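In what follows, a structure is listed as structure tokens, so that the remarks can point back to it.
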Amino acid sequence: QFFVFCHGLLQLSQLLVSGYLKSSISTIERRYGLSSQTSGLLASFNEVGNTLLIVFVSYFGSRVHRPRLIGCGAILVSLAGFLMSLPHFITGPYKYDQSVASTLSNTTDLCQPGAPGPWANLSAAGCTPRASRENHEVLLVMFMAQALLGIGGVPIQPFGISYIDDFASERNSPLYLGILFSVTVIGPGVAFMLGSAMLRFYVDIDKVGAAEVQLTNKDPRWVGAWWLGFLVAASLVALSALPYFFFPREMPKEVGEVLHTHAHSSVGPECFPVVLLRNLRHPVYLLVVLAQVNISAMVAGLATFMGKFLERQFSLTASLANMIIGAVNIPGAMVGIVVGGAILKRFQMSLRQCSALCVLGMLLCLLGAFPLLFLGCPTQKVAGVTYWDSSGFGHHDMECNAQCHCPEKGFNPVCGSNGVEYTSPCSAGCRNVNIGTDNSVLNYTECSCIPGQGLAGPGTCGTGCSHLFVPFVVLSCLAGILASTSHTPSFMLILRSIQPEDKSFAVGIQFMLLRVLAWMPGPVLYGSAIDTTCILWERRCDRRAACRYYDNTLFRQRYLGLQFFFEVGAF
């Protein structure tokens with residue numbers, strides 16, 4: 001029982017490390033100027049190390065000191081977590097364009113007619129050879145950490161489960177494995193809640209004083225303390241790893257009812273390819289695994305970019321978006337899994353009824369998910385990006401801000417009193433700024449591009465979509481519950497349709513296929529689709545960095561359309 005407790009704790013903390021990255025992905029994109037394709041690849045890169053080794057591990061399973069190997073794996077996972085936070089400590093403080101000169105930069109992005117001086121250094125400043133080298137180092141460290149995370153995770157689940165199954169009584173074994181399984185479902189929820197808590201702090205909380213930070217967490221330039229969660233999670237993993245070095249290689253079997261000694265033969269005398277082909281030729285097995293590949297591809301993309309989607313579509317902070325996912329969507333999926341299992345147990349379903357239950361769950365899920373494609377708002381009007389008005393904004397010769405000499409790269413969005421957003425106070429032609437008591441910007445005045453009083457407030461205008469937010473969350477949660485009811489019955493279909501001696505092998509192949517066909521390519525596919533909907537890219541050192549503005553309608557249609565496509569595939 002102590003082993004089960006330790007293993008539950010370890011699996012939870014391991015999931016914290018891998019799940020936390022997904023919760024802070026939009027923040028890391030913004031901090032280091034990554035496209036969603038790159039961040040999608042980063043998010044799925046831990047599967048690479050994992051997949052390469054998992055075959056060996058399940059093969060050598062019984063010949064090694066399992067607890068000790070789990071402990072070693074956990075130490076690698078912990079190292080990976082600390083490595084993930086390293087970029088924060090090797091790079092300088094986060095720089096953003098600001099209208100108030102501070103100790104960090106003496107430039108300002110107000111309109112200064114006739115003085116192209118202060119601007120020139122802003123656009124060129126970020127582009128030393130060191131800056132571009134720094135960016136490569138950051139990516140290298142993060143990809144290495146992810147690979148290490150995958151490798152360290154290899155022994156944890158298979159060895160833990162087989163160790164428990166070998167030494168628990170047959171009456172208790174299902175209970176223990178059930179506890180572990182529920183932990184793996186709860187884990188990602190806890191990770192998103194951790195993300196929600198950490199991203200409320202400013203990224204350079206350890207480098208600059210509170211007085212110098214002129215951003216609120218609602219500001220589009222805000223970057224939260226993404227690295228802090230990795231330190232927390234990695235420390236937890238390190239703590240959970242310790243007991244494993246003190247467990248024995250073998251335990252006396254727990255006392256239970258009469259035991260049937262059964263030989264552990266993963267694959268009998270037949271060699272590997274024969275069994276592989278026998279399983280893959282099995283129509284039920286193949287079809288169920290293909291359905292699970294579709295569902296997993298959907299979940300992989302959802303988990304990685306759902307936060308980003310909510311932030312952009314409904315103008316939420318990263319912290320709130322994570323809170324919604326961790327407190328609503330993931331618990332919804334847990335409810336679905338439990339309900340599916342309960343129906344199965346209650347009605348003692350046959351194989352045909354199991355498949356009917358899966359089909360029904362997916363059909364209802366499709367009906368719930370279809371309206372989501374229409375719940376959203378277009379991108380706000382951004383002058384020169386999504387909106388050109390009669391005053392000739394966007395035509396260089398007669399612009400209202402022609403005399404301001406604005407840099408093209410400046411990004412410090414302001415919202416005009418006319419409901420139009422401008423990429424910086426300079427591009428709105430604002431010449432004056434009013435500062436509040438706490439050093440924050442109250443408003444901008446004398447803005448030549450804004451008709452009427454020429455006033456503008458700091459920050460984005462937002463998508464004006466808050467009225468659709470609650471219906472969206474309710475429907476997406478419902479669709480998630482319905483889709484996940486098919487989880488347990490689909491496993492039953494696999495376990496009951498395969499020859500008993502191939503069982504452990506068939507499940508191994510199933511996980512392998514899910515990894516290679518869904519968990520690895522899924523986030524990259526979603527990230528690439530999201531990138532195609534960007535309308536304004538940030539430039540860093542002449543490379544395309546993170547996206548400033550998406551076409552929200554296209555973003556929604558391609559992101560949720562991809563999700564819908566996989567749901568139809570599973571159905």
Cα-Cα P(r), the range 399-458, percent of pairs per 10 Å interval: 26, 57, 16, 1
Cα gyration tensor of the range 500-543 - equivalent ellipsoid semi-axes, whole Å, descending: 40, 10, 4
Hypothetical label at residue 136: residues of the range 533-566 whose amide nitrogen lies under 20 Å (7 Å Cα-Cβ projection): 539-546
Taking the chain and dividing mean pair separation by its residue count, relative contact order in percent (alpha carbons under 8 Å, at least six apart): 25 percent
Gain on full stretching of the segment that runs from residue 184 to residue 537 - 0.36 nm per residue minus C-alpha separation: 123.4 nm
Whole-Hz ³J(HN,Hα) from phi, Karplus 6.51 cos²θ - 1.76 cosθ + 1.60, for the range 288-294, glycine and proline x: 5, 5, 5, 4, 5, 4, 4
Chain lengthening between residue 553 and residue 437 when straightened (0.36 nm per residue, less Cα-Cα): 37.9 nm
Residue-wise HN-Hα coupling along the range 534-544, computed from phi with Karplus coefficients 6.51, -1.76, 1.60 (Hz; x: Gly, Pro): 6, 10, 9, 9, 6, 9, 10, 6, 6, 10, 6
For the chain, the fraction of alpha-carbon pairs in successive 10 Å shells from zero, as %: 3, 16, 25, 24, 15, 9, 5, 2, 0, 0
Loop-exposed GluC sites (Glu not before Pro) per DSSP, neighbour cap 16 Cβ within 10 angstrom, longest uninterrupted part of the chain: 1-169
Nonlocal amide H pairs with residue 379, under 5 Å, H built at 1.01 Å: 552, 553
Mean accessible surface per residue for the chain, computed with a 1.4 Å probe while every protein chain stays in place, in Å²: 45 Å²
Estimated [θ] at 222 nm from DSSP helical runs (n ≥ 4, -39500 (n - 2.57)) normalised by residues in the chain, nearest 500: -18500 deg cm²/dmol
Equivalent ellipsoid semi-axes, the range 463-540, via Cα gyration tensor eigenvalues times 5, rooted, Å: 37, 22, 6
Amide H within-cut-off set for residue 549, under 5 Å, with H built and near neighbours excluded: 535, 536
Heavy-atom accessible surface of the chain: percent carbon and sulfur, 1.4 Å: 67 percent
Long-range HN-HN contacts of residue 411 with modeled amide H, under 5 Å: 97
Radius 11 Å from Cβ of residue 35, net charge of other residues (Lys, Arg +1; Asp, Glu -1): -1
In Hz, Karplus ³J(HN,Hα) per residue of the range 443-449 (6.51, -1.76, 1.60; θ = phi - 60°; x = Gly, Pro): 7, 10, 10, 6, 8, 6, 8
Cα lying deepest toward the dipole's positive end in the chain, options 386, 91, 227, charges on Cβ: 227
Extension reserve of the residue 211-residue 144 stretch, reckoned as 0.36 nm per residue once the Cα distance is removed: 20.6 nm
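The values are calculated or read from the model by the stated rules, or taken from the named source; none is laboratory data. All of these numbers come straight from a predicted model, not from anything done at the bench. In this analysis, Cβ positions are derived from the backbone assuming ideal geometry, glycine residues included, and neighbour counts consider all displayed protein chains. Each accessible area value is taken on the protein alone, full model and side chains, heavy atoms only, with ligands, DNA and RNA left out. Shrake-Rupley method; radii C 1.70, N 1.55, O 1.52, S 1.80 Å.
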